[in-house]
2 protein chains.
Amino acid sequence: MTQTASAPALLTPEDLLSHWQGHRRLTRRVIEAFPEDQLFSFAIGSMRPFGVMAWEIHQVSELTLTGLLSGEWAMPQWRDGVASNRRELLHVWDALTAQLDREFLKVDPAFYTQQHSLPWGEMPGWVATIYCIDNEIHHRGEGYVYLRALGTEPPAFYER
Amino acid sequence: MTQTASAPALLTPEDLLSHWQGHRRLTRRVIEAFPEDQLFSFAIGSMRPFGVMAWEIHQVSELTLTGLLSGEWAMPQWRDGVASNRRELLHVWDALTAQLDREFLKVDPAFYTQQHSLPWGEMPGWVATIYCIDNEIHHRGEGYVYLRALGTEPPAFYER
């Protein structure tokens, strides 16, 4: 999981930001697609409602951006400040989206190949970043099934 | 979505292969977790059974590896050779996993920043590759809900 400085660049930090923000836009559309009264209540098979998953996505994303910028990876307080309705959730969502646009390219590129101590293990910055995005895709995929079960057509996966 | 040759490498081709193969191992465990009689039949809200989604993942993965190696991105024949049981599905799954290990690092690194003509649009090789993996994560997330609805504990998301 390490590399030499002479390795060819497969993507730039701008590409990684574009990738992440594209997924954030799609997840935002999924949050908006839920009937307001189901976002924090509907669930299947003892799973969490999608609004609660989206709050977790927000917290992991915030942790990841903070960690990449500072080297500090504190375990999120999962229950602190949790949104309980769509308006609150979209408010923090949009604030972090704007912060990502302002700050992500300030991350030291060397951080991506260095090892970091996350609450869930030691890993390079690249792995920490893509894990955060993958976790969003994973839970959003679960949200797609909730929407289908509610009879709502989800947003197109390929549109970002 | 382009870059100069002097851009710092955020990850190596080996890192990208490791990322992809980690997801393939997890998806294989999800395929194995389904009750045999539900893999190609159980679905929620007019969606496809997970076995059919896994077949699509296989075809997109095969297309992506072939495209990266050859520059040829032919639309898959979605209905050709479709697996209809777990044994057939795992047979093609494992063959492609072995092929990825043999061939992925032969991909010209320059391909990741060049534009390619996929059946679903023009994009750099990096975007084509990560879209393929994202599509797998997305449908596998849907499969997690199917498993929960069937009363089966899915494999841990963080284990690869």
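The values are calculated or read from the model by the stated rules, or taken from the named source; none is laboratory data. Computed from a predicted model, the values in this text were never measured in an experiment. So basically every Cβ, Gly included, is an ideal-geometry build from the backbone, and we count neighbours across all protein chains shown.
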Q.
Here are the criteria: (1) at the interface with another protein chain (Cβ under 8 Å from one of its Cβ atoms); (2) modelled with pLDDT of 95 or more; (3) within 29 Å of A:Arg24 (Cβ to Cβ); (4) part of a loop (DSSP other than H, G, I, E, B). Tell me which single one B:Gly151 does not satisfy.
A. (3)
Q) Can you tell me which residues in region A:111-148 are touching an Asp or Glu at 6+ places or on another chain (Cβ under 8 Å) and not in a helix (DSSP H, G or I)? A) A:Gln115, A:His116, A:Pro124
Q) What are the residues in region B:77-115 that are in contact with a Leu (Cβ under 9 Å, 6 or more places away or on another chain), within 21 Å of A:Ile130 (Cβ to Cβ) and not hydrophobic (A, V, I, L, M, F, W, C), if any? A) B:Asp101, B:Pro109, B:Tyr112, B:Thr113
Q. Which of (1) within 13 Å of chain A (Cβ to nearest Cβ); (2) small (Gly, Ala, Ser); (3) without any contact (Cβ under 8 Å) to a residue 24 or more places away in the chain does B:Ser41 not meet, given it meets every other one?
A. (1)
Q.
Restricting to region B:140-152, name every residue that is in contact (Cβ under 8 Å) with a residue 60 or more places away in the chain and either surrounded by fewer than 20 Cβ atoms within 10 Å (Cβ to Cβ) or farther than 12 Å from A:Asp134 by Cα (or both).
A. B:Glu142, B:Gly143, B:Tyr144, B:Val145, B:Tyr146, B:Leu147, B:Ala149, B:Leu150, B:Thr152
Q.
Looking for something away from chain B (no Cβ under 14 Å), touching a Lys or Arg at 6+ places or on another chain (Cβ under 9 Å) and not charged (D, E, K, R) - is there at least one such residue anywhere in region A:75-93?
A. yes
**Q.** Failed condition for A:Gly81, given (1) surrounded by 13 or more Cβ atoms within 10 Å (Cβ to Cβ); (2) modelled with pLDDT under 95
**A.** (1)
Q: Can you tell me which residue within region A:119-137, out of those that are over 10 Å from the mean Cα position of the chain (by Cα) and buried (at least 20 other Cβ atoms within 10 Å of the Cβ), is farthest from the other protein chains (Cβ to nearest Cβ)?
A: A:Ala128
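Across region A:138-160, what is the number of residues that are among the acidic types (Asp, Glu) and under 18 Å from the mean Cα position of the chain (by Cα)? Give the derivation first.
Here is the first cut: in region A:138-160, the residues among the acidic types (Asp, Glu) are A:142, A:153, A:159.
With the extra rule that they be under 18 Å from the mean Cα position of the chain (by Cα), the set shrinks to A:142, A:159.
The qualifying residues number 2.
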Q.
Being touching a Lys or Arg at 6+ places or on another chain (Cβ under 7 Å) and surrounded by fewer than 15 Cβ atoms within 10 Å (Cβ to Cβ) is the requirement here; does B:Glu36 meet it?
A. yes
Q: Scan region A:11-33 residue by residue and report those that are surrounded by fewer than 20 Cβ atoms within 10 Å (Cβ to Cβ), more than 8 Å from chain B (Cβ to nearest Cβ) and of a type in the set (S, T, N, Q).
A: A:Gln21
Q. Only one of A:Pro49, A:Pro119 is within 27 Å of B:Leu147 (Cβ to Cβ), at pLDDT below 95 and in contact with a Phe, Trp or Tyr (Cβ under 7 Å, 6 or more places away or on another chain); which?
A. A:Pro119
Q: Examine region A:127-148 for a residue that is acidic (Asp, Glu), within 28 Å of B:Glu122 (Cα to Cα) and modelled with pLDDT under 95, and state whether such a residue exists.
A: no
Q | Candidate set: region A:84-107, residues that are among the charged types (D, E, K, R) and more than 13 Å from the chain's Cα centre (by Cα); chosen: the one surrounded by the most Cβ atoms within 10 Å (Cβ to Cβ) | A | A:Arg86
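Being in a loop (DSSP other than H, G, I, E, B), of a type in the set (Asp, Glu) and more than 11 Å from chain B (Cβ to nearest Cβ) narrows it down to one of A:Glu56, A:Glu36, so name that one.
Step by step, each of A:Glu56, A:Glu36 is checked, and only A:Glu36 is in a loop (DSSP other than H, G, I, E, B), of a type in the set (Asp, Glu) and more than 11 Å from chain B (Cβ to nearest Cβ).
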Q | Any pair with Cβ under 8 angstrom, 6 or more apart, that starts in region B:72-88 at a residue that is under 25 Å from B:Ala33 (Cα atoms) and ends at one that is part of a loop (DSSP other than H, G, I, E, B) and not small (Gly, Ala, Ser) | A | B:Ser84/B:Phe40; B:Asn85/B:Glu36; B:Asn85/B:Leu39; B:Asn85/B:Phe40; B:Arg86/B:Phe34; B:Arg86/B:Glu36; B:Arg86/B:Leu39
